Amino acid sequence: MKKILVTGAAGFIPSSLIDKLLLEEQNFVVGIDNLLTGNKCNLNSACEDPRFTFIKADANSFEDMSPILSSNSFDYIFHYAAVVGVQRTLANPLLVLQDINGINNILLLAKNTCLKRIFFSSSSEVYGEPVEIPQNELTTPLNSRLPYAIVKNVGEAFIKAYQQEHGLDYTIFRFFNTYGFRQSTDFVLSKFIRNALKGEDITVYGDGTQTRTFCYIDDNVDTTIKCLDKNIGINQVFNIGSDIEISIKKLAELVISITSSSSKIIHLPPLEDGDMRRRCPDNSLMMDILGRPLYKLEDGIKEILKNLRNYNK
């Protein structure tokens, strides 16, 4: 039996992770979320499983977390709770910085338990403006100054320090853009799809030549679960993402084409902060773990559209 805690459980990636964890009969999962940005509906399927327990709690509150960790003997923790979304994090820097408390709470409470490993969701944002492409886990400097990136960078430092001083093993995932059916429309691809289906204008910041890569949710989750099940990546950092770049303008055009939409692309002034020119990971470590090709972007978009059709029936 594996007893697993997932923080930020009602979020897009954590809820998808929980669903796949519950496919294995030996897994028992506790999910916590304060529902500030998470959607409890994302856990509808999990809540039907007797091996899942949901607790409304704030990972940033020591008072909330202490009884949860003291009354459960967790084997593994996936600490995914965080304030996310470019616009939200730029607008609420103090709220973002409070997530440092959550990282410290988890580590402080877990260090004297029988925890085997903590998995931490870091971000491609720690890389800032790229000084090399692809962005490699070992050689690219961490140079971003935005609060969200600082929190992730500090989180990585905390986790490595606890391993050094307390022997608390970890795996750090630096997530690049991940997309899928449950993703909120705070994120670029989900927003484009929503607007295209409604025939509304699709807005692009600047000239749209800034590039990103897009990783389908199944590729993200399957990789992380393999790290758990095969005991891979102990005390290592992994980029999790696709290595196929696409410009934001081309992305908008692709969504319009696939949805046969009448939407028009409207250009807005560039964002002052948070819109890096390029994002592209060296994902060779991820590909070694996953052991299969990644979803093509076109296929992933079609999967979202299929799920939307089934959801709306």
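Each value in this text was obtained by applying a stated rule to the coordinates, not by laboratory testing. Everything quoted here is computed from the prediction, not taken from an experiment. Quick reminder, even Gly has a Cβ in these numbers, built from the backbone with ideal geometry, and neighbours come from all protein chains shown.
Report, ordered by chain and residue number, the lysines lying within cross-link reach of Lys111, taken as a straight Cα distance under 29 Å and ignoring same-chain residues fewer than 8 apart. Leaving aside lysines fewer than 8 places away in the same chain, those within reach of Lys111 are Lys2, Lys3, Lys20, Lys56, Lys152, Lys160, Lys226, Lys230. Only Cα pairs under 8 Å and at least 6 apart count here; give the relative contact order of segment 158-313 as a rounded whole percent. Computed value for segment 158-313: 34 percent relative contact order. Counted over segment 139-282, the DSSP beta bridges are approximately 20% antiparallel.
Within segment 177-252, the percentage of alpha carbon pairs spaced more than 20 angstrom apart rounds to 42%. Taking 7 Å steps out from each Cα toward its Cβ at Asn235 and Lys116 produces label points 1.8 nm apart.
What do you get for the angle between helix 188-198 and the principal long axis of the chain? Use alpha-carbon atoms, 0 to 90 degrees, nearest ten. Compared with the principal axis, the helix lies near 50 degrees. Helical runs assigned H by DSSP (4 residues or longer) give the chain a calculated mean residue ellipticity at 222 nm of -12000 deg cm²/dmol, each run adding -39500 (n - 2.57) before division by the residue total. Using only Cα atoms, locate the centre of segment 41-59 and the centre of segment 96-148, then give the distance between them in Å, rounded to an integer. Taking the Cα centre of segment 96-148 as reference, the centre of segment 41-59 is 25 Å away.
Between Asp299 and Ser73, what is the FRET efficiency for a Förster distance of 35 Å, r being their Cβ-Cβ separation, to the nearest 0.05? Here the calculated transfer efficiency is 0.30.
For the chain, what ratio Rg/Rh do Cα atoms give with a Kirkwood hydrodynamic radius? Dividing the radius of gyration by the Kirkwood radius yields 0.95. If I fit a long axis through the Cα atoms of helix 12-21 and take the longest principal axis of the Cα atoms of the chain, what angle between them do I get, 0 to 90°, rounded to 10? Helix 12-21 sits at roughly 50 degrees to that axis.
Bridges between two residues of the chain, per DSSP, are antiparallel at a rate of about 10%. Using a 10 angstrom cutoff on alpha carbons, build the Gaussian network for the chain and name the most mobile of Glu137, Glu156, Glu303. Maximum fluctuation in the GNM of the chain, among the listed residues, is at Glu303.
Peptides 194-200, 166-172, 117-123, ordered by how many other C-beta atoms sit within 10 Å of their residues on average, highest first, read 117-123, 166-172, 194-200.
Using θ = phi - 60° in the Karplus curve 6.51 cos²θ - 1.76 cosθ + 1.60, the 3J(HN,Hα) couplings for segment 101-109 round to 4, x, 4, 5, 4, 4, 5, 5, 6 Hz; x is entered for Gly and Pro. Placing unit charges on the Cβ atoms only, positive for Lys and Arg and negative for Asp and Glu, gives segment 115-204 a dipole magnitude near 320 debye about its Cα centre. Projecting the Cα positions of Ala110, Ile159, Tyr148 onto the charge dipole of segment 109-188 (unit charges on Cβ atoms of Lys, Arg, Asp and Glu, taken about the Cα centre) puts Ala110 furthest along the positive direction. In this Cβ point-charge picture (+1 for Lys and Arg, -1 for Asp and Glu), segment 197-276 has a dipole of about 180 debye about its Cα centre. When the alpha-carbon atoms of segment 14-155 are used, the pair Rg, Dmax equals 16.3, 48 angstrom.
Candidate cross-link partners of Lys264 among the aspartates and glutamates, defined by an alpha-carbon separation under 19 Å and a same-chain spacing of 8 or more, comprise Glu200, Asp201, Asp207, Glu253.
By the count of other C-beta atoms within 10 Å, a proxy for reagent exposure, Met1, Met276, Met287, Met65 are ordered fewest to most as Met1, Met287, Met276, Met65.
How big is the dipole moment of segment 159-211 about its Cα centre under a simple scheme where the beta carbon of each Lys and Arg is +1, that of each Asp and Glu is -1, and everything else is neutral? Debye, nearest 20, please. Provide the component values of the computation, followed by the final result.
Details: 6 positive and 6 negative charges, 32 e Å.
The dipole magnitude comes to about 160 debye.
Among Arg212, Arg279, Arg88, the largest mean-square fluctuation in a Gaussian network model of the chain (Cα springs under 10 Å) belongs to Arg88. Segment Gln87..Thr203, full-extension length gain: 40.4 nm, with 0.36 nm per residue of separation and the alpha-carbon distance subtracted.
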